[in-house]
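To start, the structure itself, in structure tokens.
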Amino acid sequence: MFAELWRITSFRLTVLYGGLFALAVVGLFALIYWQTARYQNQQVDQILLNQVHVFSTATADQLDDDIAYEIARDIRRIGFFGVFAADGKALAGNLARIPQGLILNGKPRALPVERNDDLFPQALEVRALGRTLDDGRVLVVARDVALLEQIRQSLLRGCFLIAAVILLLGVLGGVFYSLPAVRHIRDIDRAARRIADGDYSQRLPLGRRNRELDVLAQIVNAMLDETERLMGEVKTASDNIAHDLRTPLTRLRASIYRTQQSMDKTSLHRDALNHALTQTDLLLTRFRALSRISEIESKRRRAGISPTFLEPVLRTLTELYEPLANRGGVKLSLRIESSPSAVCDGELLFEAIGNLLDNAIKFTPAGGVVCVTLGGTQAEPVISVSDSGPGIPPDLRKSVLHRFFRADDARNTPGSGLGLSLVDAIVRLHGFGLVLDDAPEGGLRARMSCWQRRMPG
């Protein structure tokens, strides 16, 4: 699902802008944090400087009293004061020792200190300032900034929390805004697959908001309308030619036949009439095949669809085509792996398998093998016809299903190029699957999967 969403431009833009806004919020709060910390440190440093200045002007006895007074009135216990001898011995205050690293007579800085207090003996992080008094003693004043640090940390945590919420809302908004587009794309994909399967009456679905996908779908639908119209005109012309020429060709054949029968058997023109009669029969066969394909493609053969046991159909076909195979020196065999049934028109299925068998026997050289196999499950019966002939190159296996297509090496073989087109039309009518691949014997294998995906149209 996420991969589909990420392909949607609106989702990517929403997440991108949400991320940029979250970064902007982080940057804003970082600036506020830095300015707040700087201001608080300046305020604390100024307090320390003022305290040191006041204490420095007091006498020795007064200094001890002033420090004791400051400690006593420091209810929050955030102030630290200490007076130390030159050797570092604590003389007054609540600091146990001079903080390590403290630079005397310098600027305030952050240091760890240790209270000289039974209630709070632990070390703390403070900002401290030290100064050497005129009498040689050392005065240290410090202030606990833990509360200020907690405020700054809370501000920092709030910053990242708000940024995460903004980013999450951006993602959720992108998902909410993009899910209709994902569903629309799935609908388009299903419609496109049906169109690719040959159902040219399908159109790409349109959404309700007239987005970019809808504009593109309208363009494609207009193109499909024109394509269907042109294909319909070509198909109609082909069907009309096949229909209109059958009658004159039938009459022509009858005339040739009557002329042939009225001539003397020793006549020199009898062979020519026989050839003309054969060619006329070939034309009539082609026109009948065209009409048959058109009838099937127009979905006019639905009444005969019913549950059909496949094994008897294949046994009948094998017996029917066995003499033709023997005449060409080809071994025809039937292998039954399972005996499922399929919902289909038995006559049309008989015709489709018959065309596959006729092609396999026709293109298999003498001494070759043609094998018909029935297998699969009740949910997906599979019928395969394989041969040991030359096969069909992979790049031509879709083209051979088109009307009148014949590969270059098959042009001298008798036939009209309509057999596999008829098989494909029957397969599409039933919603079955047809795959042409390499046979174990080295030739071609046609696998018909008789699952009930959907009944087209």
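Within region 315-356, count every residue that is in a helix (DSSP H, G or I), more than 17 Å from ALA425 (Cβ to Cβ) and either outside the structural domain of GLY375 (by TED's automatic domain parsing) or not hydroxyl-bearing (Ser, Thr, Tyr) (or both).
Pass one, region 315-356, residues in a helix (DSSP H, G or I): 315-327, 346-356.
Those still in the list that are more than 17 Å from ALA425 (Cβ to Cβ) too: 315-327.
Narrowing the set further to residues that are either outside the structural domain of GLY375 (by TED's automatic domain parsing) or not hydroxyl-bearing (Ser, Thr, Tyr) (or both) leaves 315, 317, 319-320, 322-327.
The qualifying residues number 10.
Could you grab the pairs with beta carbons closer than 8 Å, sequence gap of 6+ or different chains, first residue in region 41-55 and farther than 20 Å from ALA146 by Cα, second one surrounded by fewer than 19 Cβ atoms within 10 Å (Cβ to Cβ)?
Listed pairs, sorted by first residue: VAL52/ARG131; VAL54/ASP66; PHE55/ASP66.
How many residues does region 335-350 contain that are surrounded by fewer than 16 Cβ atoms within 10 Å (Cβ to Cβ) and in contact with a Leu (Cβ under 9 Å, 6 or more places away or on another chain)?
At the first step, the residues of region 335-350 found to be surrounded by fewer than 16 Cβ atoms within 10 Å (Cβ to Cβ) are 335-339, 341, 343, 347.
Of the ones still in play, those that are also in contact with a Leu (Cβ under 9 Å, 6 or more places away or on another chain) are 335-339, 341.
Going through region 335-350 one residue at a time, the tally reaches 6.
I need the full set of residues from region 65-83 which are surrounded by fewer than 16 Cβ atoms within 10 Å (Cβ to Cβ), under 17 Å from VAL138 (Cα atoms) and touching a residue at least 12 places away in the same chain (Cβ under 8 Å), in order please.
First, pick out the residues of region 65-83 that are surrounded by fewer than 16 Cβ atoms within 10 Å (Cβ to Cβ): 65, 68-69, 72-77.
When the remaining residues are screened for being under 17 Å from VAL138 (Cα atoms), the result is 65, 68.
Selection gives ALA68 alone.
Would you point out the residue of region 110-132, among those that are at pLDDT 80 or above and surrounded by fewer than 17 Cβ atoms within 10 Å (Cβ to Cβ), that is nearest to the chain's Cα centre (by Cα)?
My answer is ALA110.
Restricting attention to region 426-444, which residues are at pLDDT 80 or above and either closer than 15 Å to ILE353 by Cβ or part of a strand (DSSP E or B) (or both)?
ILE426, VAL427, PHE432, GLY433, LEU434, VAL435, LEU436, ASP437, ASP438, LEU444
Okay, residues lined up against (1) closer than 21 Å to ASP135 by Cα; (2) under 60 Å from the mean Cα position of the chain (by Cα); (3) aromatic (Phe, Trp, Tyr):
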{"site": "VAL26", "(1), (2), (3)": "no, yes, no"}
{"site": "ALA30", "(1), (2), (3)": "no, yes, no"}
{"site": "TYR39", "(1), (2), (3)": "no, yes, yes"}
{"site": "GLN43", "(1), (2), (3)": "no, yes, no"}
{"site": "GLN46", "(1), (2), (3)": "no, no, no"}
{"site": "THR59", "(1), (2), (3)": "yes, no, no"}
{"site": "ILE67", "(1), (2), (3)": "yes, no, no"}
{"site": "ILE71", "(1), (2), (3)": "no, no, no"}
{"site": "ILE75", "(1), (2), (3)": "no, no, no"}
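Can you find a residue that is part of a helix (DSSP H, G or I), within 30 Å of THR14 (Cβ to Cβ) and in contact with a helix residue (DSSP H, G or I) (Cβ under 9 Å, 6 or more places away or on another chain) anywhere in region 149-157?
Checked region 149-157: at least one residue is part of a helix (DSSP H, G or I), within 30 Å of THR14 (Cβ to Cβ) and in contact with a helix residue (DSSP H, G or I) (Cβ under 9 Å, 6 or more places away or on another chain).
Do we find a residue being within 30 Å of ALA366 (Cβ to Cβ) and modelled with pLDDT of 75 or more anywhere in region 265-272? Before you say what the answer is, go through the steps one by one.
Of the residues in region 265-272, the ones within 30 Å of ALA366 (Cβ to Cβ) are 271.
Next, only the ones that are modelled with pLDDT of 75 or more stay: 271.
So far as region 265-272 goes, yes, one or more of its residues are within 30 Å of ALA366 (Cβ to Cβ) and modelled with pLDDT of 75 or more.
Taking region 62-96, which residues are assigned to a strand (DSSP E or B) and in contact with a Phe, Trp or Tyr (Cβ under 7 Å, 6 or more places away or on another chain)? Quick ask: steps written out before the conclusion?
To start, the set of residues in region 62-96 that are assigned to a strand (DSSP E or B) comprises 79-84, 90-93, 95.
Of everything in region 62-96, those that are assigned to a strand (DSSP E or B) and in contact with a Phe, Trp or Tyr (Cβ under 7 Å, 6 or more places away or on another chain) turn out to be ALA90, LEU91, GLY93, LEU95.
Can you find even one residue in region 416-425 that is in contact with an Asp or Glu (Cβ under 8 Å, 6 or more places away or on another chain), buried (at least 20 other Cβ atoms within 10 Å of the Cβ) and at pLDDT 85 or above?
Scanning region 416-425 turns up no residue that is in contact with an Asp or Glu (Cβ under 8 Å, 6 or more places away or on another chain), buried (at least 20 other Cβ atoms within 10 Å of the Cβ) and at pLDDT 85 or above.
The values are calculated or read from the model by the stated rules, or taken from the named source; none is laboratory data. These numbers were taken from a predicted model, which means no experiment stands behind them. A quick note on method: Cβ atoms are made from the backbone with ideal geometry, for glycine too, and the neighbour counts reach across all protein chains shown.
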